[in-house]
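Written out below as structure tokens is the structure these notes cover.
The values are calculated or read from the model by the stated rules, or taken from the named source; none is laboratory data. Values in this document were obtained by computation on a predicted structure and should not be read as measured data. For neighbour counting, all protein chains shown are included, and Cβ atoms are generated from backbone atoms with ideal geometry for every residue, glycine included. Protein only, heavy atoms only, side chains kept; ligands, DNA and RNA dropped before computing areas. Shrake-Rupley method; radii C 1.70, N 1.55, O 1.52, S 1.80 Å.
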Amino acid sequence: MNILEQTKQDVNHKLVLVDHANGHIFSNEKDGITNYENSMKKAIHAITNTLKERKTPFTGKSIEALKDRFERIKFEHFEETHSLEYVIEELKELYLDDCVHFHHPKYIAHLNCPILTPTLVAEAFISSLNSSMDTWDQSTGGTFIELKLIDWTLDILGYPKSGDGIFTSGGTQSNMMGLLLARDHYIKNNYAIDPKMDGLPADASKFRVFCSEVSHFSLKKNLSLLGLGQNAVIPVSVDVDFKMDIKKLELAIEEQKQVGNIPIAIVGTAGTTDFGSIDPLIAISALAKQNNLWFHVDAAYGGGLLISKKHRHKLKGIELSDSATIDYHKTFYQPVSSSGFFMRNKSFVDYIKYHADYLNSKEQDEEGIPNMVKKSIQTTRRFDALKLWFTLRIIGIQGLSSYLEKAIENAQFTAEYLKKRDDFEIIHQPEISAIVFRYTPYSDLDISYCNLNSHIRKAVFNEGKAIITSTKVREEVFLKFTLLNPLTTTKDIEEVIDLIVFHGQQYSLKN
Ligand SMILES: Cc1ncc(COP(=O)(O)O)c(C=O)c1O
């Protein structure tokens, strides 16, 4: 093929492609830019309409009704094409009209925060420019933004200058990294084995990790993924405030040694999922040192306290840990996903570091080119750090910390409000912003509080005016509020409690 023919073919190919793509490929071609601008305007319009139209966090739509809508869509339909307007209109029915609004002041169920508008602007940059954070040649300035925020987080954690960290997909992944480092650190220091090359020693089935009985389930799941099995978790009893009982921890370590098992790590939780309780970090650190154990802190929930002058003291001791998990997509008001894993010594990176010639060769290291992939268990990785960057640059630390402080005040208000009533049982004083309680109106009636409170949770959800959740404490069902929205007022809280009472009374009338 001569040059002329080749050029003709290229031009034709481009014509066909442009015709087919119709500006859909994000590019600096005129069509690409116009389509991008018009499409984003339509998306913003649809989203703002959704916000304006919806007055409640949920609509109460049944699973059956939603399932039916999806059953009507067949795989053959993916052969057809539609305009963006059509797809947005269809999405209204399939998702938008009934999706759960985490930003609604009466969404007080799980650990989902309302998000900040600057983060949504950042999202536009993140997803359109689509940098990947694994290597410098895919991210350039983005790497420095992430590094700056890692340094900032190390600073608020109180880790020494030798520390390091990485953005991750969530607390589950960050906890996995903590446990992985703990496992390999132990092996490296106690066996003539390099775990990265040789895998686990025969003794690994005896490795034991101690955490409170109310710690997050990701610890168990991760230990099974790490080849140590869920039985490696030794759950330690908690005290009346749902904090790890330090005496019980000491005993558990001794007991495990006596039966021939091998303690390797302790995980302290700074903000348990249900209660927001914070384990005694300083005392745990001392026990970890005494027994030569790795100390990881799961501060997925509590991490946001680090920037609050008022509440920072509650995490005292986190600076003594070997590694820590922080979920920015919880108490730093970031959209999913945005999380971090931090270690007190950058040499720990060696346990996971890998040099791929095509990506991050040893030579690049020698040339001082920063590459983040060696610190991560992911390869391709989103530029989530930009959302936190926009947050800190636009709202600042004080502004950001005021949101969680308000949520904490709301939790304290709820506790006081419920304590004054005789139809509720509250089982702890909230330390962060989660509060567990139950409706217990009829001490003389033969009514199961478990059934009553299970019913209340479901009925409130199905009605859609508010969303709360439930959990089990020592096999009994309790209700739970996780308050994160600073726009939630005390009136909102009172109204949700009224709903609880209303549905509770309805249930008792029928049973
Ligand atoms: C204490 C704690 N750790 C870890 C996690 C897991 O975090 P993620 O959902 O971001 O993976 C959670 C989630 O709620 C949590 O509450």
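Taken over the range 262-317, the convex hull of the Cα atoms encloses 75 Å³ per residue. Under a 5 Å amide H cut-off, with hydrogens placed 1.01 Å from N, S470 pairs with K480 among residues at least 5 apart or on other chains. Measuring only protein heavy atoms, the 1.4 Å probe finds V297 accessible over about 0 Å². Of the residues W294, L226, G260, the one whose Cα sits farthest toward the positive end of the charge dipole of the range 216-316, with +1 on the Cβ of Lys and Arg and -1 on the Cβ of Asp and Glu, is W294. In the chain the longest region clear of GluC sites (Glu not before Pro) that are loop-assigned by DSSP and have at most 11 other C-beta atoms within 10 Å covers 81-366.
Taking a ≥ b ≥ c as the square roots of the eigenvalues of the Cα gyration tensor, the range 199-281 is oblate, since a/c reaches 1.5 or more and a/b is not larger than b/c. Each Lys and Arg Cβ is given +1 and each Asp and Glu Cβ -1; about its Cα centre, the chain then shows a dipole of about 1020 debye. Pairwise Cα distances in the range 398-510 exceed 23 Å for 26 percent of all pairs.
Convex hull volume of the C-alpha atoms in the range 443-496, normalised per residue: 107 Å³.
All C-alpha pair distances within the chain, sorted into 20 Å bins from zero, spread as 20, 47, 29, 4, 0 percent across the bins.
Just to confirm the filter: which trypsin sites (Lys or Arg not before Pro) across the range 14-109 are DSSP coil and have at most 13 other Cβ within 10 angstrom of their Cβ? Sparse-neighbourhood loop trypsin sites (Lys or Arg not before Pro): K55, R72, K74.
A 1.4 Å probe, protein heavy atoms only, puts the accessible area of H355 near 50 Å².
Beta bridges per DSSP, both residues in the chain: antiparallel share near 55 percent. Please identify the chymotrypsin sites (Phe, Trp or Tyr not before Pro) of the range 86-177 that satisfy two criteria: DSSP loop assignment and at most 13 other Cβ atoms within 10 Å. Which are they? Counting only loop positions with at most 13 other Cβ atoms within 10 Å, the chymotrypsin sites (Phe, Trp or Tyr not before Pro) in the range 86-177 are Y95.
Where a ≥ b ≥ c are the square roots of the eigenvalues of the C-alpha gyration tensor, would you call the range 136-178 rounded, which needs a/c under 1.5, or, failing that, prolate if a/b is larger than b/c, or oblate? Oblate, because a/c is 1.5 or more while a/b does not exceed b/c.
What is the magnitude of the charge dipole of the range 21-127 about its Cα centre, with +1 placed on the Cβ of each Lys and Arg, -1 on the Cβ of each Asp and Glu, and no other charges, expressed in debye to the nearest 20? With only Lys, Arg, Asp and Glu charged at Cβ, the dipole is about 580 debye.
For the range 286-401, just say rounded, prolate or oblate: build the C-alpha gyration tensor, square-root its eigenvalues into a ≥ b ≥ c, call rounded for a/c under 1.5, and beyond that prolate if a/b exceeds b/c, oblate if not. Cα axes put the range 286-401 in the oblate bin.
Averaging Cα coordinates gives a centre for the range 389-462 and one for the range 102-144; these two points are 28 Å apart. How many percent of all Cα-Cα pairs in the range 140-393 sit more than 28 Å apart? Roughly 30 percent, rounded to a whole number. Close amide-amide hydrogen proximity is noted between I262 and F207, R208, each under 5 Å apart and 5 or more residues distant or on a separate chain (H modeled in the peptide plane; Pro and chain starts excluded). Taking all protein chains together and rolling a 1.4 Å probe, T34 ends up with roughly 60 Å² accessible. Of the trypsin sites (Lys or Arg not before Pro) in the range 442-511, the ones in a loop by DSSP (not H, G, I, E or B) with at most 11 other beta carbons within 10 Å are R474.
Per residue, the range 185-258 exposes 53 Å² of accessible surface when a 1.4 Å probe is rolled over the protein heavy atoms with every protein chain present.
Between F342, L483, P114, the Cα set farthest toward the positive side of the dipole of the chain (charges on each charged residue's Cβ, about the Cα centre) is that of L483.
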